Amino acid sequence: MAERGFLGSRLEVVNVGVDLFADALTAQGLEPVRVEWQPPAQGMGTELWATLSDPRIDAANERAVQRMLSARPKLVDVCPASEVVPGMSRQTILHAGPPITWEHMCGPLRGAVIGALLYEGLAQNEVEAVARIERGEIDFSSCHHHQAVGPMAGVMSSSMPVYILEDEVHGRQSFSTLNEGLGKVLRYGANSPEVLQRLRWMRDVLGPALGRAIRKAGGLDVKPLTAQALQMGDECHNRNRAASAILIRALAPFLVETSQSPEETASVLRFMAGNEHFYLNISMACCKASADAAAGEPFSSLVTAMARNGTEFGVRVSGLGERWYTGPAQNVRGLYFSGFSDADANPDIGDSTISETVGIGGFSMAAAPAIAQFIGGTPADALRATLEMYDITLAEDSAMALPPLDFRGAPTGIDLRKVVHLNRLPVINTGIAHRLPGVGQVGAGLVEPPLACFTQSLVDLAALVQKNP
Amino acid sequence: MITKTLVRRNLYADSVALMQLSRALTALPEVEDAAAVMSTAANRELLQQAGLLGADADPGEFGGPNDLLIIIRAATDAAIEAALLAAEQGLSHRAGGETGTVAQQRPRSLEQAARQQPALNLALISVPGAYAAVEAHQALLAGLHVLLFSDNVSLEQEVALKMLAAERGLLLMGPDCGTAIINGIGLGFANAVPRGSIGIASASGTGLQQVSCLIAHAGLGISQAIGTGGRDLSQAVGGRTMLAGLDLLQQDPETSVIILLSKPPAPEIAQRVLERAAQGSKPTVVAFLGSHLDRSVGPSAAHLHLANTLSSAARLAVQLAGGRVVLENESLTEEIRAAAQAAKAALSPEQRYVRGLFSGGTLCDEAMLVLSQRLGPIASNIPLRPEWALTNPNQSQGHTAIDLGSDEFTVGRPHPMIDAGLRLRRLAQEARDPTTAVLLLDIVLGYGAHPDPAAEIAPAIQEARKEAAQAGRNLACIVSLCGTEQDPQSLSRQREELQRAGALVFTENALAAQVAAESAPAKRSQ
């Protein structure tokens with residue numbers, strides 16, 4: 001029965017719906033809170049009811065998001081992919097986003113794939129590379145299917161050095177390639193000799209040097225580093241300036257201590273210092289480990305992956321197994337570097353949306369007012385973007401405190417039910433790749449996943465709970 | 001004339017806001033007609049009927065139910081542009097504005113509101129039915145009591161929500177709960193009545209309004225009035241909210257007399273409610289309208305009193321609470337009887353039928369009970385007996401009483417208590433029908449209702465009577481006026497305006513129906 005305290009206490013009313021009723025309360029001296037209500041996405045009242053009213057989903061989400069929050073990924077080493085990444089053969093090429101076949105790959109991804117084949121010596125030239133691919137001699141697979149993530153094209157091949165992150169809390173590993181810098185780079189589809197030359201240097205010099213330093217340091221806790229960077233104006237997706245600097249500061253003594261020659265160490269430090277996104281790949285692997293910790297919780301509506309291959313955007317949900325829910329990759333709305341325009345842009349691409357999946361990047365934009373200008377907005381827009389994400393997430397990560405919001409924890413763990421209920425898509429803060437291989441980044445901006453990723457997964461989740469009463 | 005159409009995709013506004021916007025746009029200079037509606041099939045059909053949308057309009061072009069459609073017809077391009085600009089401004093104003101800081105924006109979700117305002121204790125929910133259960137669920141999870149005004153919520157959802165509410169120690173009023181008065185505050189459609197010692201738990205919104213107004217007219221007041229929603233006393237729902245409300249009223253120190261109102265409940269549920277009432281010690285008046293309760297049905301207890309109409313429930317309660325028994329101005333005096341006889345005598349031979357046009361379902365029910373006793377079968381869209389159902393709710397047959405607040409009339413459109421348009425059209429239709437002898441209308445005042453219903457209905461009554469007179473008929477118009485002097489519309493002002501238009505006005509619905517019955521030819525003449 002209803003509690004007695006209700007009668008006799010002052011009414012504090014929230015009005016959801018017809019404004020007239022709120023007006024009537026105002027006329028009676030109350031100050032009702034008026035919710036700006038809008039119908040759910042695609043009018044999905046039935047599926048929302050089925051999933052929002054099922055307490056099993058709430059319990060599952062609580063477990064899943066706690067696992068996401070409690071992950072403590074540690075950077076422990078750098079090794080060749082073939083030695084550590086599961087399922088990595090010499091013919092394997094991993095790519096960003098949901099699975100895709102050669103004929104559907106966009107320009108930058110194709111360019112990167114060809115570059116990787118040249119780099120691995122699997123082909124001598126582009127024609128030969130394409131011929132091998134078309135003969136079916138190359139095994140394509142999603143990074144995400146191998147505990148890995150990669151920015152932009154996200155291409156990883158067997159001899160590439162990869163960061164190894166270990167989450168002892170949940171007994172998991174994750175992997176990512178090393179960031180090549182800006183300009184003509186493989187992840188934007190470039191495959192010219194200078195690109196391949198840099199990749200070889202990374203394999204032969206940078207990777208081993210970093211590996212020695214990281215081991216000497218006894219590993220590096222990544223989340224505290226991200227947390228510091230959030231307090232220094234990074235959101236750790238599109239801006240990694242502070243984080244990269246902190247990383248260099250942390251590793252420099254160990255790089256020197258394990259140095260094989262001053263020239264080599266200088267080249268390593270110079271390379272790191274010359275790349276403001278050097279930290280991004282480590283951060284992404286850290287996010288991947290956290291997201292994977294939350295995967296596979298039966299009935300959970302928590303989103304555990306968002307990724308794009310330049311053609312499709314894909315989403316995975318904790319309680320819906322390995323399936324990707326996909327829709328067409330969208331165009332990024334943002335600012336272009338001088339000389340470039342919409343016409344040059346490739347649709348949204350890369351695994352870097354793993355950042356938003358665990359609450360940083362666009363979700364923590366409030367912490368990065370400088371990025372707002374870079375993508376054509378204002379600091380107020382950045383604040384608003386973060387505030388809106390609290391409405392579609394399950395938790396606040398107190399380890400990721402956002403100074404402009406009075407150190408409130410970052411909005412973490414997307415609940416697909418909330419996305420559909422409020423018809424509010426996750427905000428993603430991303431770079432724009434040129435649609436042609438090898439040109440590189442041409443701008444940066446905001447993008448949203450296609451709504452279909454969430455409506456389709458909600459249909460499946462509703463069917464799942466109804467099938468298992 | 002130029003007509004221009006604008007589709008705003010994925011922008012929702014409620015039907016009341018859109019009605020107000022449509023009116024504001026139509027009032028602009030040089031604008032002949034304007035409409036702002038959600039682009040549902042039903043609304044597009046209405047626009048086609050109004051000639052604002054071509055009959056061959058491609059539906060895809062005009063969006064779907066989640067898209068907002070604005071149509072302006074005006075003399076000049078400039079007027080069209082001005083109207084479209086005004087529409088945009090009206091909509092963006094509604095959307096909470098764009099200026100100022102983030103903190104000043106309206107919350108976009110109930111969850112957000114609850115987070116921002118931890119003191120909240122009640123959610124008033126009136127979103128379209130397909131989405132209402134989800135919002136109510138969120139409110140309960142946020143620890144809020146709920147008044148769920150929305151209808152078209154499924155039975156399964158209602159039961160689940162009421163179980164959740166009980167689990168959390170919260171009160172869920174509704175779905176389809178139009179009225180409540182909690183701690184002296186009217187929620188939904190409610191009248192300004194004094195606080196007092198009579199507590200009400202009601203499955204009927206307008207029933208609650210009528211009874212609380214009659215109690216106010218007798219000089220007494222309401223402690224708490226709890227709405228339960230129309231289906232609460234069905235077998236499936238089990239009277240959960242009625243029983244919770246009864247418990248609250250039994251324990252409430254301010255309440256000395258309890259009234260329970262409902263349409264006929266499922267027998268087992270009626271039994272359960274009566275037993276619970278019998279267990280308490282407070283005098284309790286039970287009015288299950290249209291059911292044939294007698295002492296043998298329920299448990300017998302000296303403090304249980306049964307009533308057949310809203311009027312008799314109010315009278316009994318007033319009596320039990322120590323107030324004046326006779327309600328002011330409401331007995332069927334000789335004077336009124338004479339007026340009814342005179343009206344009847346002035347009828348032309350073909351004028352035979354009472355036509356009731358109601359905005360309140362329970363007022364319609366009560367009127368039909370009174371009318372049928374004297375006149376026999378009353379056709380209706382909410383018939384007392386299944387065989388009295390109207391085949392077409394838009395076409396009266398014999399004695400007819402229509403509930404214009406019923407679902408088939410309100411999907412995508414404001415309730416007739418807010419928007420008189422539909423009823424005015426129907427009133428004109430009935431007035432033109434030469435077989436109509438008596439028009440019977442209810443007008444419900446109070447918070448949430450139309451700000452000045454007489455301003456729209458009185459001229460329509462005057463016009464109807466004039467037209468009938470020109471055709472040689474005397475058309476009697478009887479109004480059941482539910483409200484109080486303290487209501488925003490002022491009872492006396494409304495009454496005077498209606499009386500000036502030639503209507504006979506009563507504040508007791510059963511009495512209005514009785515006079516209507518007396519003004520019509522007796523049964524055998526049909």
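The values are calculated or read from the model by the stated rules, or taken from the named source; none is laboratory data. Computed from a predicted structure; not experimentally measured. So basically every Cβ, Gly included, is an ideal-geometry build from the backbone, and we count neighbours across all protein chains shown.
How many residues are hydroxyl-bearing (S, T, Y) and assigned to a helix (DSSP H, G or I) if we restrict to region A:101-119?
Of the residues in region A:101-119, 1 are hydroxyl-bearing (S, T, Y) and assigned to a helix (DSSP H, G or I).
Just checking, which of B:L140, B:L122, B:L164, B:L148 is within 21 Å of the chain's Cα centre (by Cα) and at pLDDT 95 or above?
Exactly one residue qualifies, and that residue is B:L148.
Applying the selection to region B:496-505, what residues are more than 19 Å from the chain's Cα centre (by Cα) and either not in a helix (DSSP H, G or I) or not aliphatic (A, V, I, L, M) (or both)?
In the first step, residues of region B:496-505 are kept if they are more than 19 Å from the chain's Cα centre (by Cα); the result is B:496-504.
Answer for region B:496-505, where residues must be more than 19 Å from the chain's Cα centre (by Cα) and either not in a helix (DSSP H, G or I) or not aliphatic (A, V, I, L, M) (or both): B:E496, B:E497, B:Q499, B:R500, B:A501, B:G502, B:A503, B:L504.
Return the residue satisfying two criteria in turn: it lies in region A:362-417 and is at positive phi and at pLDDT 90 or above, and of such residues it is nearest to the other protein chains (Cβ to nearest Cβ).
Taking the candidates together, the pick is A:D406.
Condition first: more than 17 Å from A:I375 (Cβ to Cβ) and at pLDDT 95 or above. Now tell me which residues in region A:425-440 satisfy that.
If the condition is that a residue be more than 17 Å from A:I375 (Cβ to Cβ) and at pLDDT 95 or above, then no residue fits.
Is there a residue being part of a helix (DSSP H, G or I) and under 30 Å from A:C106 (Cβ atoms) anywhere in region A:407-416?
Checked region A:407-416: at least one residue is part of a helix (DSSP H, G or I) and under 30 Å from A:C106 (Cβ atoms).
Could you say which residue among B:R385, B:R355, B:R374 is within 22 Å of B:G421 (Cα to Cα) and of a type in the set (D, E, K, R)?
B:R355
Working only within region B:141-167, note down all residues that are facing chain A (nearest Cβ under 10 Å) and under 18 Å from A:I57 (Cβ atoms).
If the condition is that a residue be facing chain A (nearest Cβ under 10 Å) and under 18 Å from A:I57 (Cβ atoms), then B:L141, B:A142, B:E156, B:Q157, B:A160, B:L161, B:L164 are the ones that fit.
From B:A78, B:A74, B:A82, B:A103, which residue is surrounded by fewer than 14 Cβ atoms within 10 Å (Cβ to Cβ), of a type in the set (A, V, I, L, M, F, W, C) and at pLDDT 80 or above?
That would be B:A78, the only listed residue that is surrounded by fewer than 14 Cβ atoms within 10 Å (Cβ to Cβ), of a type in the set (A, V, I, L, M, F, W, C) and at pLDDT 80 or above.
Which is of a type in the set (A, V, I, L, M) and within 14 Å of another protein chain (Cβ to nearest Cβ), of A:A123, A:A50?
Of the residues listed, the single one that is of a type in the set (A, V, I, L, M) and within 14 Å of another protein chain (Cβ to nearest Cβ) is A:A50.
Show me the strands (runs of 3 or more DSSP E) entirely contained within region A:23-100 in which 2 or more residues are closer than 30 Å to A:L255 by Cα, among the β-branched types (V, I, T) and within 22 Å of the chain's Cα centre (by Cα).
Here the list reads A:73-80.
Could you go through region B:290-299 and let me know if any residue there is surrounded by 21 or more Cβ atoms within 10 Å (Cβ to Cβ) and outside any helix (DSSP H, G or I).
The answer is no; no qualifying residue exists.
Out of B:G205, B:G239, B:G221, I need the residue that is within 14 Å of chain A (Cβ to nearest Cβ) and either more than 19 Å from the chain's Cα centre (by Cα) or of a type in the set (K, R) (or both). Which one?
Checking each option against the conditions leaves just B:G239.
Could you list, in sequence order, the residues of region B:211-243 that are buried (at least 24 other Cβ atoms within 10 Å of the Cβ), in a helix (DSSP H, G or I) and in contact (Cβ under 8 Å) with a residue 60 or more places away in the chain?
B:V211, B:C213, B:L214, B:I215, B:A216, B:T241
With respect to the numbered conditions (1) under 19 Å from B:L347 (Cα atoms); (2) in a strand (DSSP E or B), which one is the sole condition not fulfilled by B:L481?
If we test B:L481 against (1) under 19 Å from B:L347 (Cα atoms); (2) in a strand (DSSP E or B), just (1) comes out false.
Taking the condition of being over 11 Å from the mean Cα position of the chain (by Cα) and in a strand (DSSP E or B), how many residues in region B:384-407 meet it?
Residues that pass the stated criteria total 4.
Based on what the data block shows, is B:R315 among the basic types (K, R), under 28 Å from B:I382 (Cα atoms) and modelled with pLDDT of 90 or more? Show your work before the answer.
Values: among the basic types (K, R): yes; under 28 Å from B:I382 (Cα atoms): yes; modelled with pLDDT of 90 or more: yes.
In short, yes.
If B:T391 satisfies every condition in (1) at pLDDT 90 or above; (2) within 29 Å of B:P453 (Cβ to Cβ); (3) surrounded by fewer than 21 Cβ atoms within 10 Å (Cβ to Cβ); (4) of a type in the set (S, T, Y) but one, which is the exception?
Among (1) at pLDDT 90 or above; (2) within 29 Å of B:P453 (Cβ to Cβ); (3) surrounded by fewer than 21 Cβ atoms within 10 Å (Cβ to Cβ); (4) of a type in the set (S, T, Y), the lone unmet condition for B:T391 is (2).
Tally time: how many residues in region A:318-358 are over 19 Å from A:G189 (Cβ atoms), buried (at least 24 other Cβ atoms within 10 Å of the Cβ) and in contact with a Phe, Trp or Tyr (Cβ under 7 Å, 6 or more places away or on another chain)?
2
Against the condition surrounded by fewer than 24 Cβ atoms within 10 Å (Cβ to Cβ), assigned to a strand (DSSP E or B) and at negative phi, how does A:G314 come out, does it pass?
Here the answer is no, as A:G314 does not meet what is asked.
Taking region A:26-43 as the search range and keeping residues that are more than 7 Å from chain B (Cβ to nearest Cβ) and either within 17 Å of B:G448 (Cβ to Cβ) or not polar (S, T, N, Q) (or both), which one is surrounded by the fewest Cβ atoms within 10 Å (Cβ to Cβ)?
Applying the first criterion (more than 7 Å from chain B (Cβ to nearest Cβ)) to region A:26-43 yields A:26, A:29, A:31-32, A:41-42.
Keeping just the survivors that are either within 17 Å of B:G448 (Cβ to Cβ) or not polar (S, T, N, Q) (or both) gives A:26, A:29, A:31-32, A:41.
Details: A:T26: 13, A:G29: 8, A:E31: 11, A:P32: 24, A:A41: 21.
Across region A:26-43, the extreme among qualifying residues is A:G29.
Go through region B:408-432 and give me each residue that's under 12 Å from B:I457 (Cα atoms) and part of a helix (DSSP H, G or I).
Answer for region B:408-432, where residues must be under 12 Å from B:I457 (Cα atoms) and part of a helix (DSSP H, G or I): B:G421, B:L422, B:R423, B:L424, B:R425, B:R426, B:L427, B:A428.
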